[in-house]
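> Below you'll find the structure I mean.
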Amino acid sequence: MIAMKFGGTSVGSAEAIKRVAKIIESRFERQPVVITSAVGGITDKLVALGKSAATGDDDLVKELVDFITNRHLEIIDQLRLTSGELRRIIDDTIDDIKNLCRVISSQKNISKMLNDELSSKGEYLAAHILVEYLSQIKIPATFVDVREVLLTDSSFGSAKPLFDDSAKNAVEKILPIVKDGSVPVLQGFVGRDASARTTTLGRGGSDYSATLLGAMLGVDSVEIWSDVDGVLTADPSIVSEAKRIRSMTFKEAAELAYFGAKVLHPATLLPAVTRDIPVWVFNSMRPEYSGTKISRANNNGQKGSCIVKSIAYKENLTVITVTSLRMLMAHGFMASIFDIFNKYDTSVDLVSTSEVSVSMTVDKTEHIDEIKEELSRFAQVEIEQDKAIVCLVGEQMKRTPGMPASIFCLLQDVPIHLISQGASEINISFVIDDDNVDKVVTRLHQHFFSGALDPNTFAV
Ligand code: ASP
């Protein structure tokens with residue numbers, strides 16, 4: 001059995017859905033369980049819809065509802081899906097969306113709970129369309145509402161899965177369908193809490209759904225199908241000659257996802273690591289490419305220059321520096337700082353300390369004023385915006401002396417605000433101004449990837 005997740009662009013048009021169906025057909029013997037995102041761009045529209053309803057912008061609400069409706073009707077029309085049942089499901093879902101907008105409008109505010117309910121609708125529609133198309137081309141497929149399987153806590157917008165209870169459901173509800181020779185199709189991104197309210201795992205969460213369900217079912221591998229050829233050595237919008245990485249370790253991929261590589265949701269690898277299930281990243285537009293394999297071990301001898309596997313970055317960050325002489329020789333100081341971040345549900349990416357100060361980066365600034373105020377009660381607080389983390393990742397880095405020197409030698413003209421060599425020694429990260437990201441990533445890529453590269457590790 002394998003789990004296959006299709007991202008928004010993979011199901012973003014009739015043509016794309018046809019390609020996806022072919023890919024599923026090619027793996028039919030391996031008993032696929034399919035997890036789908038919403039049609040590309042629809043979740044953004046649903047989120048915008050909730051906001052417009054909350055501000056009472058009726059014209060925009062109508063425009064967005066029409067857009068969402070027409071996009072799905074166009075797709076089923078182009079796929080020649082004439083089933084009355086599918087049409088009824090789409091109409092009912094659009095009615096639900098309109099009703100939700102009325103409630104939000106009357107409350108003049110969108111709660112996180114209603115935001116989850118609303119933004120989950122895209123996956124629901126996409127899953128039904130996919131099932132119908134698969135059935136039309138004679139691939140037996142069955143819709144399984146993921147809310148009957150994936151139980152979570154009630155942190156709407158970033159719900160935490162309850163693994164053991166969900167696993168029981170997965171085995172009960174999904175396995176019989178697979179054994180029956182049908183392909184179960186479920187929504188990614190979505191779950192339900194103990195009071196049967198719809199929750200979501202956070203934006204981009206379908207990858208996470210796939211590894212969670214895969215781990216619960218004990219699949220042989222999880223395939224993440226998106227619109228890139230795999231994990232690349234850098235963001236191709238900055239480095240046009242970025243290369244595909246053929247294989248990387250869980251640790252490398254997890255660091256990359258956490259520090260900004262957009263190809264995987266940061267939590268995705270956790271369930272796969274726990275159960276040691278390889279995760280593949282493939283391009284549904286070019287299924288003939290062999291993608292990237294992420295697994296416990298590198299399955300190659302790492303010849304040639306592959307000290308650095310990839311360079312990621314994360315922009316629009318805020319650096320907070322807390323300085324206090326009270327920190328000198330004191331204990332419990334860090335704990336009191338992090339308690340405040342914890343209280344405001346704000347996670348810190350990178351930390352660097354000196355004897356009297358600590359600097360950290362955050363990307364969620366919703367509660368920055370409250371955090372600043374509380375920190376200011378016992379320390380001096382400086383806040384700097386428009387910063388970026390650049391992160392170099394590679395298992396070989398820990399066996400390569402002088403790595404930091406060779407990196408920072410290349411960046412002598414670039415102001416560097418914070419430096420951190422990850423505890424695992426497989427990542428070196430530093431903070432620069434947003435404006436310098438392109439220059440820095442290009443320069444580092446040229447340095448580390450222009451020599452002879454190991455063809456087992458990189459697609460060259
Ligand atoms: N559709 C959701 C989003 O756009 C979840 C996902 O695609 O992973 O964030």
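Computed from the coordinates by the stated procedures, all read-outs in this text should not be read as laboratory data. This one's a predicted model, so the numbers in the text were calculated from it and none came from an experiment. For neighbour counting, all protein chains shown are included, and Cβ atoms are generated from backbone atoms with ideal geometry for every residue, glycine included.
> Name the shape class, rounded, prolate or oblate, that the alpha-carbon gyration tensor gives for the range 185-231, where a ≥ b ≥ c are the square roots of its eigenvalues, rounded holds for a/c under 1.5, and otherwise prolate holds if a/b is larger than b/c and oblate otherwise.
Verdict is oblate for the range 185-231.
> Can you tell me the mean projection area, over all orientations, of the convex hull of the chain's alpha carbons? Units nm², please.
23.4
> Could you give me the ³J(HN,Hα) list for the range 6-15, computed from phi with Karplus coefficients 6.51, -1.76, 1.60 and θ = phi - 60°, whole Hz, x at Gly and Pro?
10, x, x, 6, 5, 10, x, 7, 4, 4
> Here's something else I'd like to know. Could you work out the helix-only [θ] at 222 nm for the chain, with each DSSP H run of four or more residues adding -39,500 (n - 2.57) and the total divided by the number of residues, to the nearest 500 deg cm²/dmol?
It comes out at -12000 deg cm²/dmol, rounded to the nearest 500.
> Which one of 11, 23, 131 has its Cα pushed farthest toward the positive end of the charge dipole of the range 1-131, where Lys and Arg give +1 and Asp and Glu give -1 at the Cβ?
Working it through, the farthest residue towards the positive pole turns out to be 23.
> How many lysine pairs in the range 290-447, separated by 8 or more positions in sequence or lying on different chains, have Cα atoms less than 15 Å apart?
So the count works out to 10.
> Arrange 280, 225 by Cβ neighbour counts within 10 Å, fewest through most, would you?
Result, fewest neighbours first: 280, 225.
> Tell me, what ³J(HN,Hα) does each residue in the range 335-341 have, in order and in whole Hz, if you take phi through Karplus 6.51 cos²θ - 1.76 cosθ + 1.60 with θ = phi - 60° and put x for Gly and Pro?
4, 5, 5, 5, 4, 5, 4
> Let me ask something else about it. How much net charge surrounds residue 357 when only other residues with a Cβ under 12 Å from its Cβ are counted (Lys, Arg +1; Asp, Glu -1)?
-1
> Taking H as built 1.01 Å from N, whose amide H comes closer than 5 Å to the amide H of residue 458, not counting residues under 5 places away?
The answer is 246.
> Return the lysines within reach of residue 98: Cα separation strictly under 16 angstrom, same-chain partners fewer than 8 residues apart disregarded; answer none if there are no such residues.
Straight-line reach from residue 98, under 16 Å: 45, 51, 62, 108, 121.
> Find the Rg to Rh ratio for the range 181-326, where Rh is the Kirkwood radius over alpha-carbon pairs and Rg uses the same atoms.
1.03
> Can I ask one more? Would you mind calculating the gained length between residue 171 and residue 413 on full extension (0.36 nm times residue separation, minus the Cα-Cα distance), in nm to one decimal?
Contour length minus the Cα-Cα distance gives 81.4 nm.
> For the range 141-224, evaluate the Debye formula with one uniform point scatterer on each Cα (no solvent term) and list log10 I(q)/I(0) at q = 0.13, 0.17, 0.19 Å⁻¹, rounded to two decimals.
Ignoring solvent entirely, the Cα scatterers give -0.36, -0.61, -0.76.
> Please rank 363, 180, fewest neighbouring Cβ atoms within 10 Å first, as an exposure proxy.
Ordered from fewest to most neighbouring Cβ atoms within 10 Å, 363, 180 come out as 180, 363.
> Suppose we look only past 17 Å in the calculated P(r) of the range 354-413. What percent of the Cα-Cα pairs does that tail hold?
Value for the range 354-413: 61 percent of Cα pairs lie more than 17 Å apart.
> Sticking with this structure for a sec: Karplus couplings for the range 437-448 from phi (6.51 cos²θ - 1.76 cosθ + 1.60, θ = phi - 60°), rounded to Hz, Gly and Pro as x?
Each residue of the range 437-448 in turn: 4, 4, 4, 5, 5, 4, 5, 5, 5, 4, 5, 8 Hz.
> Over the chain, what is the percentage of antiparallel beta bridges among all DSSP beta bridges, to the nearest 5?
65
> Which residues' amide hydrogens lie under 5 Å from the amide hydrogen of residue 11, considering only partners 5 or more residues apart or on another chain, with H built in the peptide plane?
So residue 11 has HN proximity to 40.
> Between helix 163-173 and the chain, what is the angle of the helix's C-alpha long axis to the longest principal axis, kept within 0 to 90° and rounded to the nearest 10?
The helix 163-173 is inclined about 20 degrees to the chain.
> OK, next. Per-residue counts of other Cβ atoms within 10 Å, averaged by peptide: what ranking do you get for 427-438, 385-396, highest first?
Packing order, densest peptide first, comes out as 385-396, 427-438.
> Between the range 404-460 and the range 88-128, what is the separation of their alpha carbon centroids in Å?
43
> Bin all alpha-carbon pair distances of the range 1-132 at 5 Å intervals from 0 and give each bin's fraction as a whole percent.
Taking every Cα pair in the range 1-132, the percentages come to 2, 11, 21, 20, 17, 13, 9, 5, 2, 1, 0.
> Sorted by packing (mean other beta-carbon atoms within 10 Å per residue), highest first, where do 188-199, 336-347 land?
Ranking, from highest mean packing down: 188-199, 336-347.
> Between rounded, prolate and oblate, where does the range 70-220 land on the alpha carbon gyration tensor, with a ≥ b ≥ c its root eigenvalues, rounded for a/c under 1.5, else prolate if a/b exceeds b/c?
In terms of gyration-tensor shape, oblate.
> Would you please put 442-449, 91-98 in order of how densely packed they are, using the mean number of other Cβ atoms within 10 angstrom per residue and starting with the highest?
Most protected by this proxy first, the peptides run 442-449, 91-98.
> Continuing with this model, one more query. Please list, in chain and number order, the residues 5+ apart from residue 267 or on another chain whose amide H is under 5 Å from its amide H, with Hs placed from the backbone.
Counting only residues 5 or more places away or on other chains, the set is empty.
> Using every Cα-Cα pair within the range 388-460, state what percent have a distance larger than 18 Å.
The answer is 41 percent, as a whole percent.
> May I ask you to list the aspartates and glutamates whose Cα is less than 14 Å away from that of residue 168, ignoring any residue fewer than eight positions away on the same chain?
Cα-Cα hits under 14 Å: 148.
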